[in-house]
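Okay, structure first, notes after.
The values are calculated or read from the model by the stated rules, or taken from the named source; none is laboratory data. For clarity, every value in this text was computed on a predicted model and none was experimentally measured. No Cβ is skipped: glycine too gets one built from the backbone with ideal geometry, and neighbour counts run over all protein chains shown.
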Amino acid sequence: MQAGRLRHRVELQRPDGTSRNRFNEARLNYATAAHVWAAVEPLRGNEYMESQKLRAELTYRIRIRYYPGVTTEWRVKFGDRLFNIQSVINVEEHNREMQLMAIEALK
């Protein structure tokens with residue numbers, strides 16, 4: 001993996017329990033697991049209808065150095081944007097590089 005490609009600073013966040021909002025609905029909380037260098041690459045976009053509104057959805061590949069324990073329950077924070085991890089790929093099973101396939105979370 002070429003270090004020069006990893007030019008974005010991202011935050012890996014893991015689930016850290018739940019809390020209740022003012023409507024008594026459960027809400028998942030996240031804690032920062034690590035700050036790592038990454039390459040954030042948009043792959044494709046989709047548009048779909050949701051609640052009578054047109055929504056855009058972008059799929060990203062986020063490349064990082066191997067970090068043990070990352071699962072699809074985790075998320076990535078890049079600036080003020082959040083990405084839900086859809087799959088975690090340990091490239092060539094060498095424990096050197098990971099590709100996180102992710103979808104940007106809607107606000």
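Things worth noting here:
- Complete set of residues in the stretch 56-83 that are in contact with an Asp or Glu (Cβ under 8 Å, 6 or more places away or on another chain) and more than 14 Å from Ala39 (Cα to Cα): Ala56, Glu57, Leu58, Arg81, Leu82
- Single unsatisfied condition, Val36 versus (1) modelled with pLDDT of 95 or more; (2) among the aliphatic types (A, V, I, L, M); (3) over 22 Å from Asn90 (Cβ atoms): (3)
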